[in-house]
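Supplied in structure tokens, the structure appears directly below.
The values are calculated or read from the model by the stated rules, or taken from the named source; none is laboratory data. Remember, it's a predicted structure, so these values are computed and weren't measured experimentally. Heads up, the Cβs are rebuilt from the backbone with ideal geometry, glycines too, and the neighbour counts pull from every protein chain shown. Each accessible area value is taken on the protein alone, full model and side chains, heavy atoms only, with ligands, DNA and RNA left out. Shrake-Rupley method; radii C 1.70, N 1.55, O 1.52, S 1.80 Å.
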Amino acid sequence: MTHDFTQVDAFIAQLMGTVPLAGAAMFIAQGGIVMRQRGYGSIDGNTRMAVASASKWVSAGVIATLLDDGTLHLDERASDYIDSIDGDKSAITLRQLLAHTSGLPKGESPCIDQPEMTLAACVDEIAHVPLAAAPATVFAYGENGFQVAGRMAEVATGKSFEALFHERLAAPLGMANSDWGYRSRASELLHVSNPRLGSGLRTTLQDLSRFMLMLSNAGELDGVRVLKPTTVAMMFEDHTFGLPVAFSPNLFPGPGYGLGCWRDAADARGHAAQVSSPGAYGATPWLDLSRRLACIFMCRNAYARMAAPTRQLQQLVRSCVS
């Protein structure tokens, strides 16, 4: 089936002129069939970009593979793996870390912006920051929890998070141009032993689309199973359990938060109808589960400016495939 995306192209062209945007890229697939992959202006499918909080979905995907094989369990305590997580933090679970209900402060600890530290050392610093709330009492969006969750994965496997990303996601999905662990300094490649798991992924439209296609196909892509269907579905469940919101940057909040992704909408039974993971720099991947759509819009601009236009774009894509 062919679809006419002329209106989508026109809308993005309008954004480029009015926002303005130097470039953008769009990916649309339905039922696993790619219908649109196009760059606009200075950005194309192979342009590597920092995707900010869209990273959270990918980080959660890495950890979900460890849930799949029983290496980790959602309701295990971080204190079972990390000695410095103790006292009033000893009850914090992996689920709470990935769903922003751990009680850790919403802001990022200074160590998160120190790439040459180790993730272990950064988490030890986070462990000494006072809780903002008791675990499992409020939702407060932030980065600290993802660092701790990533360290749990490292301790459980004996491997760095970067190695787990490449082994568990990048290699099987063919995400060859995505990384956490290297930043270019002229011709030098710098190893980053403390990746920002909540916001540090650099990737391309092409690579990120592989991750999204895998999720939209219940954990499998091109005959390679990355996650069990039940694990993918579990990622989209509401893991906040209706807790009050202490902090959320989401300008269009929906019914709760999954593992690394917002639940934008739910059906009458409470099942997720759309999930997404927008980033502060303008990248927004989303799954319209009711229409079997996997989509990504990428640009370089602030989320505060792009949230409303991206929401309009989502509605326009829906109208083009309905």
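Provide the three semi-axes, in whole Å and in decreasing order, of the ellipsoid equivalent to the range 107-185 as defined by the square roots of 5 times the Cα gyration tensor eigenvalues.
In descending order, the three semi-axes are 25, 15, 13 Å.
Which of 217, 46, 144 ends up with the largest GNM mean-square fluctuation for the chain, with Cα atoms connected below 10 Å?
In this elastic network of the chain, the residue with the biggest mean-square fluctuation among 217, 46, 144 is 46.
List the chymotrypsin sites (Phe, Trp or Tyr not before Pro) within the range 214-273 that DSSP assigns to loop and that have no more than 15 neighbouring Cβ atoms inside 10 Å.
Numbers: sites: 236, 241, 247, 257, 262; in loops: 236, 241.
Taking the range 214-273 and a limit of 15 other Cβ atoms within 10 Å, the loop chymotrypsin sites (Phe, Trp or Tyr not before Pro) found are 241.
Show log10 I(q)/I(0) for the range 1-155 at q = 0.21 Å⁻¹, two decimals, from a solvent-free Debye sum over equal Cα scatterers.
-1.21
Separate question: Take every Cα-Cα pair in the range 97-148 and report what % of them are more than 15 Å apart.
Cα-Cα pairs of the range 97-148 separated by over 15 Å account for 38 percent.
Within the range 69-151, which GluC sites (Glu not before Pro) sit in a loop by DSSP and count at most 11 neighbouring Cβ atoms inside 10 Å?
116
Can you grab the distance from the C-alpha centre of the range 124-163 to the C-alpha centre of the range 13-91, Å, no decimals?
17
Once the convex hull of the alpha carbons of the chain is built, what does its volume come to per residue, in cubic angstrom?
Numbers: hull volume 40.3 nm³, N = 322.
Dividing the Cα hull volume of the chain by its residue count gives 125 Å³.
Another question, if that's okay. For the range 96-165, run through the trypsin sites (Lys or Arg not before Pro) and keep only the ones in DSSP coil with at most 15 other Cβ atoms within 10 Å of their Cβ.
159
Next question. Given contacts defined as C-alpha pairs under 8 Å and at least six residues apart, what's the relative contact order of the range 25-153, whole-number percent?
24
Using DSSP H assignments, which helices in the chain have an axial alpha-carbon span of 15 Å or above and a mean Kyte-Doolittle hydropathy of -1.0 or higher? Intermediate values should be presented prior to the final figure.
Details: long enough: 6-18 (18 Å, 0.65); 55-68 (20 Å, 0.94); 144-157 (20 Å, 0.14); 205-216 (16 Å, 0.72); 303-321 (27 Å, -0.14).
The qualifying helices are 6-18, 55-68, 144-157, 205-216, 303-321.
Output the direction-averaged projected area (hull surface divided by four) of the convex hull of the alpha-carbon atoms of the range 201-255, in nm².
So the mean shadow area of the Cα hull is 5.5 nm².
Turning to a different aspect of this structure: At a probe size of 1.4 Å, how large is the accessible area of residue 222, to the nearest 10 Å²?
Residue 222 has an accessible surface of roughly 120 Å² with all protein chains in place.
With a point put 7 Å past each Cα toward its Cβ, work out how far residue 7 is from residue 128 in nm, to one decimal.
My value for the distance between the label points is 5.7 nm.
Shape call for the range 218-301 from the C-alpha gyration tensor, a ≥ b ≥ c root eigenvalues: rounded (a/c under 1.5), prolate (a/b greater than b/c) or oblate?
Oblate shape, in that a/c is at least 1.5 and b/c is the bigger or equal ratio.
Shifting gears a bit: Please check which bits of the range 222-253 a label hung off residue 159 would reach, taking the label as a point 7 Å along Cα-to-C-beta and the cut-off as backbone N under 18 Å.
What the label zone holds, given the 18 Å backbone N cut-off, is 224-228.
Once the cut-off is 21 Å, how many percent of the Cα-Cα pairs in the range 1-76 end up in the long-distance tail?
51
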